[in-house]
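Heads up, the thing below is written out as structure tokens.
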Amino acid sequence: MRLRRFLLFVPAALLLVPFFLAPLFVIGTESFSGQQAPVGEYIKVVTDPGIRKVLYNTFFVALVVTICSLLIGYPVAYVLARLKGKMATIGLFLIFLPFWASTVIRSFAWMILLGRNGPVNSLLTGVGLIDDPIRFIDNGIGLMIAMTYIMVPFMVVPILNGLRAIDANLPRAAAVMGANPWRQFLAVTLPLSMPSIAVGCTIVFVTALGFFVTPSLLGGDRTVVSILISEQANRLLNWPLASALAIVVLLLTILVFALLRLSQLASRRRGKTQAGVLA
Amino acid sequence: MIGEKQLWSAWSRFLGSFVGAVLIGFLVPILVVVAVSFQSKSYLSFPPTDFSIRWYEQFLGNDDYRNAILNSIMIGGAAAALATIAGICTALAVVRAEVPARTIVSILSIAPAVLPQIVLAIGLFPISVWLGLQGTLGAVILAHAVVGLPFPFITVCGALSSYSNRMEIASMTLGANAFQTFRHITFPMIRAAVIAGFIFAFAASLDELVLALFLSSPSTRTLPLLLWEQLNFQVTPEIAAAATVILLVTSVLIVAATLLPRLGKGD
Amino acid sequence: MARSSQATGQMGVGGAAVSIRNLSKRYNNYNAVVATTIDIESGDFFAIIGPSGSGKSTLLGMIAGYIDPTAGQIVINGRDIVPEPIYRRNIGMVFQNYALFPHLTVAQNVGYPLKIRGVSSAEIAKRVGESLAMVRLDAFASRMPSELSGGQQQRVALARASIYKPSILLMDEPLGALDKNLRDEMQEEIKRFQQEMGVTVVYVTHDQQEAAFLADRIAIMRDGAMTQIGSPRQLYEQPNSRFVAEFLGEASIFPVKSASSKGDGQLQLIVLEDGTQVAIRSELDAGPGSFACIRPERATIGPKARSLRNAYTGTVRESLYTPGSIRYRVDLSGTGCSLKVRVLPQAAIDFLETGSLVDIGWSDDDMTILTE
């Protein structure tokens, strides 16, 4: 009877053990099997200026994309959270429509939009803001625009859920006590939506760290770590270095999620002590 | 004199228009792809100066696309089915069966969705070679089943948590064993979540590029892989035509998927 | 008492004797139910009441089968059902929030246990029709549960739990989700239903009035153990502990300092903690550690009180008029005792204002001794 419950784990175990856990183990062992000393590949990751530049670039792009997604996503979620009925459905539908288009196609759309003779450059030169077309696709700005476009829905959904969970009477209570709309937002809505902001930022940042498609099409000279790993493995057949880089990405991902978890635990504990004081 | 109240309502109107503009603006890139697909020139120009469907004709006659679409559908369907079965079982174990190690199992079942796919690809390649799966549909199917697992797992967990296990207990006091209870009570109640999870897993497979890049051969090439290879080579209106068709088909699927469960609930 | 003879008169119509032997449930370091033994007669309406966390729902869960006992037996019709899975126990259960299957119609819900048992669809249709007629819901057969009111859902749950003639019917706070008026109506409904079916019912509630109205016998649980089992009258008039006296109805309770003699049914003199003397007749020994208890309607107020064995004067401290009764709190003059008193608001009775001086008294068999 009790043992039978564990049968429910079998299908997932058949998938995850050989095709998820084993690969991680393989990368782990591979990363220590380089020519130089066991940790030679890791030393190279830390010291090689080319690799360091790529890691820095990946981090920078992910950070900018996260901030831009938050700046666009928060107002969208805030307004959507206040809509009711049909308007809310339509709003969500509009946000999700591009979400369902494949990443390759959405990146392709930005290749057209931001191309040398694309509509954005035509518009800017037409208005007279610039004389020569901007090389969006090589300078990294195009990459960040396209990635932000792709990541905004990932930011909107958790924040929207967080905002909807806030008791509508709380901002009203602040208003009755004399807070104007801006101070209601600062004192009630924003702090209460912080946990969902943290979730949204974590998801966007981690996804952006691992992005491959968009950087490979729009990144130009600005390589990111996913592409570096792919090149090392596929073209240069340097599996130990590719694996070491993969491990670094993996650890970074775990670290970001661990930070999120810690912040959640801390805020929960704080909530408890506050409740204790009130009681 | 403008009153304070008017100022605030003006601000909230501004916020509303900003968000409206963002939502509409989000459609622009998609519409641009559709627009450039209907031109006759062999290089991309915007705005299009003429109307033609020659790139659609070329797309339809292109065997590479046909094979890639077939591969993608087969891989997506099989991967989503595997992911859904595993996701339902794991969700039942985690939410209902009070099995120990629930937390670690949940984390493991969600992890494939957040792990950068390049990491998994690097590790799966040697295993796929070792198992003799490299270059077959099977390799991509299994990899995509892993990546798809979190979606049905999360949706089914959500559905199971939305009602208490009293439903299942009630069914058992009425004489139904575990299997009958699943068939008559649990499954009908989570059906919408199962369908949604399947579709998400299918969509994830349709969109996945990196694993397919590492694990497939030219004969098992998927649609995103083909598009990506072509884009790396040259940007042509034929790709825009292909993208438009794909967008149309996915939109129909998604609309059907969102409407079907609601229609089911109505009767 | 007519009630129980009627129930036993229909013995065997689906009713079964339930015998719970040394049943216990332990969670880690916490005893939810400590070795409990109860015998429930066939056709009995047996209520279990107690404060939340007293273990009553755990006990019910063990009978139903979704909680595994740590030790003990549950014997129904001479067979221990503990080793059997839930779905083989042939027990009917009405859940707190009914647990109606939201995706099935009323008729499908009620017919579900028959379908599982492989009954033909024609037979299912016939018996569902009968069953719904019995709870007066024939017109609602094709509705979804969400389209019914709380009381109607409750009746569907009742029909579903009994259509397969279960050996016993368990009910877990079945009226908890209803408002007061509907609750009274449903109490009558449940009682009528049980008497017509003649089924043995085990009924868990935290509402003592509901239990007293419905049950032939009531068990009071506290901290996982049975404190007292008996008819509503026994529990009210002869509570065996301070907990029971306070849990079931109201009572004024005073600690005892000493007693003149043993409790042998003869008149004895008892000195309360504050020195007040009272005369009572009891079978129980009074003494340090025991309590003297009087129910509010047993005290008499007014001139008639002067002729009673225990007669005092007192001051009305609180007075409250409620529909159906007048409640007072009276401090006995020259003592530290304060009594709750309830009188019927009859035409001849004046409503006493706070501060009035009154005669108050009770006879020697109005007080009971509680041991604890």
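Based on DSSP H assignment, which helices of chain C show an axial Cα extent of at least 24 Å together with a mean Kyte-Doolittle hydropathy greater than or equal to 0.5? Span-like helices in chain C: none at all.
Going from the fewest other Cβ atoms within 10 Å to the most, the residues C:M171, A:M111 appear in the order A:M111, C:M171.
Look at the stretch A:107-116: the mean tally of other chain Cβ atoms within 10 Å of its residues' Cβ atoms is 6. The GluC sites (Glu not before Pro) of the stretch C:189-250 meeting both criteria, a DSSP state outside H, G, I, E and B (loop) and at most 15 other C-beta atoms within 10 angstrom of the site's C-beta, are C:E250. Model label sites at B:L248 and C:A347, defined 7 Å from Cα along the beta-carbon direction, differ in position by 9.1 nm. The simple Förster model, with R0 at 56 Å and r as the Cβ-Cβ distance, assigns A:V39 and A:R135 a FRET efficiency of 0.90.
Each label was represented as a point 7 Å from its Cα along the Cα-to-Cβ direction; for A:F59 and A:R261 these points are 2.3 nm apart. Helices from chain A with mean Kyte-Doolittle at least -1.0 and a Cα length along the axis of 24 Å or more, per DSSP H: which? Correct list, ordered by number: A:49-82, A:141-164, A:190-209, A:239-278. I need the Kirkwood Rh of the stretch C:113-155: take the reciprocal of the average 1/r across all distinct C-alpha pairs and report it in angstrom. Result for the stretch C:113-155 stands at 11.2 Å. Please label the shape of the stretch A:91-248 as rounded, prolate or oblate, based on the square roots a ≥ b ≥ c of the eigenvalues of the alpha-carbon gyration tensor (a/c under 1.5 means rounded; beyond that, a/b larger than b/c means prolate, else oblate). It is oblate, given that a/c is not under 1.5 and a/b is not larger than b/c. The ranking of C:V330, B:V22 by Cβ neighbour count inside 10 Å, starting from the fewest, reads B:V22, C:V330.
A Förster radius of 30 Å combined with the Cβ-Cβ distance from A:T47 to B:V114 puts the calculated FRET efficiency at roughly 0.55. Protection proxy ranking of C:128-135, B:101-108, by the mean of other Cβ atoms within 10 Å over each peptide's residues and highest first, is C:128-135, B:101-108.
In chain A, helical runs assigned H by DSSP with n ≥ 4 each contribute -39500 (n - 2.57); averaged across all residues and rounded to the nearest 500, the mean residue ellipticity at 222 nm is -24000 deg cm²/dmol.
The mean number of partner chain beta-carbon atoms within 10 angstrom of a residue's beta-carbon across peptide A:25-36 is 2. Per-residue shielding of C:56-66, expressed as the average number of other chain Cβ atoms within 10 Å of the residue Cβ, stands at 1. Treating chain A as a set of equal point scatterers at the Cα positions, no solvent, please give the Debye-formula log₁₀ I(q)/I(0) at q = 0.07 Å⁻¹. So the normalised log intensities work out to -0.38. Taking label points 7 Å from Cα along the Cα-to-Cβ direction, A:L236 and C:R143 give a separation of 7.3 nm. With N as its number of residues, the stretch C:5-237 has a Cα radius of gyration that, divided by 2.2 N^0.38 Å, comes to 0.99. Here the residues C:D350, C:D366, ranked from fewest to most Cβ neighbours within 10 Å of their Cβ, fall in the order C:D350, C:D366. A straight chain from C:E250 to C:D365 at 0.36 nm per residue would run longer than the Cα-Cα distance by 39.6 nm.
Dividing the summed -39500 (n - 2.57) terms of all DSSP H runs of n ≥ 4 by the residue count of chain C sets its mean residue ellipticity at 222 nm at -7500 deg cm²/dmol.
If one computes the Cα centroid of the stretch B:161-194 and of the stretch C:117-143, what distance in Å separates the two points? Each part reduced to its Cα centre gives a spacing of 21 Å.
Counting every C-alpha pair in the stretch B:58-266, the share spaced more than 24 angstrom apart comes to 49%. For the peptides A:260-270, A:54-64, the ranking by mean Cβ contacts within 10 Å, running from highest to lowest, is A:54-64, A:260-270. Phi angles of the stretch B:218-235 translate, via the Karplus equation with coefficients 6.51, -1.76, 1.60 and θ = phi - 60°, into HN-Hα couplings of x, 7, 10, 4, 8, 4, x, 5, 4, 4, 5, 4, 5, 5, 5, 8, 7, 8 Hz per residue; Gly and Pro are given as x.
For the peptides B:219-229, A:12-22, residues were scored by their other Cβ atoms within 10 Å and the scores averaged per peptide; the highest-first order is B:219-229, A:12-22.
Label zone (C:A311, point 7 Å along Cα-to-C-beta; backbone nitrogen cut-off 20 Å) within the stretch C:257-296: C:267-270, C:276-281. Each listed q (0.06 Å⁻¹) maps to a log10 I(q)/I(0) for the protein assembly as shown, found by the Debye formula over equal Cα scatterers with no solvent: -0.63.
Estimated from helical segments only, the mean residue ellipticity of chain B at 222 nm is -24000 deg cm²/dmol, where each DSSP H run of four or more residues counts as -39500 (n - 2.57).
Each value in this text was obtained by applying a stated rule to the coordinates, not by laboratory testing. Not measured: the values here are computed from a predicted model. Neighbour counts are summed over all protein chains in view; Cβ atoms, including those assigned to glycine, are modelled from backbone coordinates with ideal geometry.
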